[in-house]
């Protein structure tokens, strides 16, 4: 006779084996280009700009923003782009005495800002991507989280316990507002494990590597925990997708430990309660 944890785990395993599980990055970035010329950047500049985590592909210099009647917001940091400056010159060939045309190449750089760092631009100037608007309920949940971690814009979504910081790409990098907020709630759920909150990470062994039991459990907690505030806000939880590495990791761990999903769900509930600002009395007993 199967136990309750085994029955629940079997149900979860069936979905996992059918390919319903994390993980993907639900954002995309077009090839970066200059706002004025519309010319795409090339070479190393593509990587320098595309990995800054902005949703718009358009960039411009400080002076270009001023020329458009806009301005860069105070405190925004520029991104360096480089280019080769070629100059033609003539030099006498010492052997033949003839003048030869030569070309010199000097590596130069300048600084640019994404249009999301600017104010006063009346339109996206040719950007056909529809901006992702904030969702009031989701913003309220994120903004009212007690003792919230610092959130910084980054090219990837992650939580870094050592700095107690969540990295998030711009909303406009995502395919939908649901994708953005589901990812944000996922990372905020991770942050509840910090010692200043629920101190969940103390349970992890030193072997908190990808594919390890502690890693798999923490991802389960974050995935399940994120679904709860997403449901409270009335959006669909949008981070679930195919990923062979996560699928295999979760399937193996759940098959070897039928109570893992029960434990993860308990931690996920506590994490969601924390994010939502519920006291223990309000949350009730979720053991």
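Structural remarks
- Ranked from largest, the principal axis spans of the Cα set of the range 47-190 equal 78, 38, 27 Å.
- The slack in the chain from residue 106 to residue 84, taken as 0.36 nm per residue of separation less the alpha-carbon distance, amounts to 7.4 nm.
- Beta bridges by DSSP in the range 33-119, antiparallel share as percent, to the nearest 5: 90 percent
- Label-point separation, residue 36 to residue 136 (7 Å along Cα→Cβ), nm: 4.1 nm
- Footprinting exposure proxy for 192, 183, 103, 61 (fewest neighbouring C-beta atoms within 10 Å first): 103, 61, 183, 192
- When the alpha carbon coordinates of the range 33-119 are projected onto the principal axes, the ranges are 59, 26, 23 Å, largest first.
- Which of 80, 112, 72 has the fewest Cβ neighbours within 10 Å, and the rest in rising order: 80, 72, 112
- Cβ-to-Cβ counts within 10 Å put 58, 89, 181 in ascending order as 89, 58, 181, the fewest first.
Every number in this text was worked out from the coordinates using simple rules, so none of it is lab data. Quantities reported herein were computed from a predicted structural model and do not represent experimental measurements. Backbone-built Cβ (ideal geometry, glycine too); neighbour counts: all protein chains shown.
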